[in-house]
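J.: Sharing a structure with you now.
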Amino acid sequence: MDGAEEKSMFPIQNFYGCHNIRKRKSIEKVVEETVKRHKAVKIPANYHNRILGPTSSWEIFFRQKDAFKYARRTAKDLHVFAFESETFSSDSGQRMYLVSSYPVFWHYYCQLDESKRHHYEIIPEGSVCKLYFDLEFLKEKNQECDGIKMVEILIKFVCACLRAVFCIECDRRHILDLDASTTSKFSRHLVFQTPNITFQDNIHAGSFVCYIFSKLLSYLRPKSSPTFLSGTQSDKNSQEKNDVDNQHAEGKEEEEEEKDQLSAIWSQFSKEDLEMLIVKDKNDDETLFCDTGVYTKNRNFRLYLSSKLKKNNPLVVSMENIYQSHVGLNQSQPEIVFMDSIVANVDYTDKMKVLTFTSEDSSAKRLSMPKHFNRNSKSPEVIDGYQKSPYPEVDDFIMSLITYNGAGGIIRHWTYFQKGELLIYEIARYRYCENIGRQHKSNNIMYVVDLQNGMYYQKCHDPDCQMMNFKSKSYPIPEAALPVYLFDSEDFEFDLEDEDLLNATAEMERSYMEEKARDSCDSDVAMKQHAQDTDNGDSDNGDSDNGDSDDEDLVTALDSWEKQQKQSS
């Protein structure tokens, strides 16, 4: 009996099987690791929508073109960001694109784990931007370099050039200094925060940066031709300058003025200090401490608190930074730093001064820029490089308004604000102001074009008009002059037919005439006031009454412009 009991008893593993036990334990381990990993993942708090905004859109695209198209057609406050994803191999270099407003982006971005922040601002083509710098050198190849002192020298040098070229005063207090250095590489980003100062776009900013460093290289290496300055052609520009000087006597005066201004800059530094701005690259060749290759169209520029994929060097505020961000209501200090660090985050104000510096202007005369904008000058060089905006159809329409009936108006320069989809046109040789019903004697005007709403209005630089913050009534822009992305999706891939163009024009004119009829009483009062002003010759220091334009002339000008567009097509 005992032997039978012993035979009936056997280990549990023999009943279930050793293989099944190992498999069960393996599954338990996987489940435990998965649970642990999911517990570590933070679920971001949702953004609470507000009636007054911002837009809460959050869309991801594989193509940059699609991202920009969506942002422009959806809302004014949407912007495009790029980010690196582990989904793609590290060798592909491919990035995905995210569309969101600044506040919504920050709300989710700040909740990301540091290892997941690989994001970039896209500086839109043609959009106004702050002056910015990307500074770097390899520590192994430049063991004698003091990066902190080099940053100080570069800041002083750039501020001296801004003072000489644009008469702008700034120092370290106006510069956000961000650090992304590692044990092998020194890396800084500088973003200028000078109040009411912006560049027309990052191409103009890059032209200015390349120009001042080409002058620096000519000063430090007078017998050699610097070939490591991206975007500059020092020898060619020098030869072109000499040709111009031989043809125009004024060129010699400008050259002498440039020498005086450059001498004033060099006198502020020792050659030993300026030599520190030249470093060695990985091939032991000389290169600039400043990367001049970061000023391209739709440039990706790393965001505050982000690092590159598979690296752990986030961009943070440097220990030497003394710029103080102004904390707003319900905003944290990191959020304000983030907003200030965005190069294209520029709000339009009436006091805004937009700086321009084209590649054609990389010559001696450009150091005389404050005099370059003489309002009484008739030289065609005044408007070179300012005639073509990213929207040439809108340019043509504005030109039709300021050249109608023999008027000699020209577009002196344009400014595009991607944030708000605004085009600001500075006009010369045509000064008709709706506020006084005639042309100013010396004060120029501007046209503000709201691309998103398809409207435009007129403002001017006259002190009396600015004191009352005058702006004219808003008028519609013909659809033929508007960017195609404002049309419905069904029409996006096709050109407008002539018949559709004429119908759109007729509809615009009918709408305008209805508005004119509603304002007939105000128009009568305005005409009486216009006649009285003409007889008395008041306002604007006795401006001459010439080049008048009434509502009927405006409609006729629009019709004439549409006919020209039809004939050209």
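FYI, it's all coordinate maths here, none of it is from the lab. Predicted model, so just to flag it, every value in this text is computed and none were measured. Every residue, glycine among them, receives a Cβ derived from its backbone with ideal geometry; neighbour counts consider all protein chains shown.
J.: Taking 27 Å as the cut-off for C-alpha to C-alpha distance, list the pairs among Lys259/Lys388; Lys141/Lys215; Lys215/Lys311; Lys76/Lys185; Lys130/Lys282 that go past it.
T.: Lys259/Lys388; Lys215/Lys311; Lys76/Lys185; Lys130/Lys282
J.: Between Gln333 and Asp396, take the C-beta separation as r, use R0 = 56 Å, and let me know the FRET efficiency to the nearest 0.05.
T.: The computed FRET efficiency comes out at 0.75.
J.: Give me the distance in nm between label points sitting 7 Å out from Cα along the Cα-to-Cβ direction at Ile148 and Cys110, one decimal.
T.: It works out to 2.9 nm between the two label points.
J.: Whole-Hz ³J(HN,Hα) for each residue in region 450-459, computed from phi via Karplus 6.51 cos²θ - 1.76 cosθ + 1.60 with θ = phi - 60°, x for glycine and proline: what do you get?
T.: Each residue of region 450-459 in turn: 8, 5, 5, 9, x, 10, 8, 8, 10, 10 Hz.
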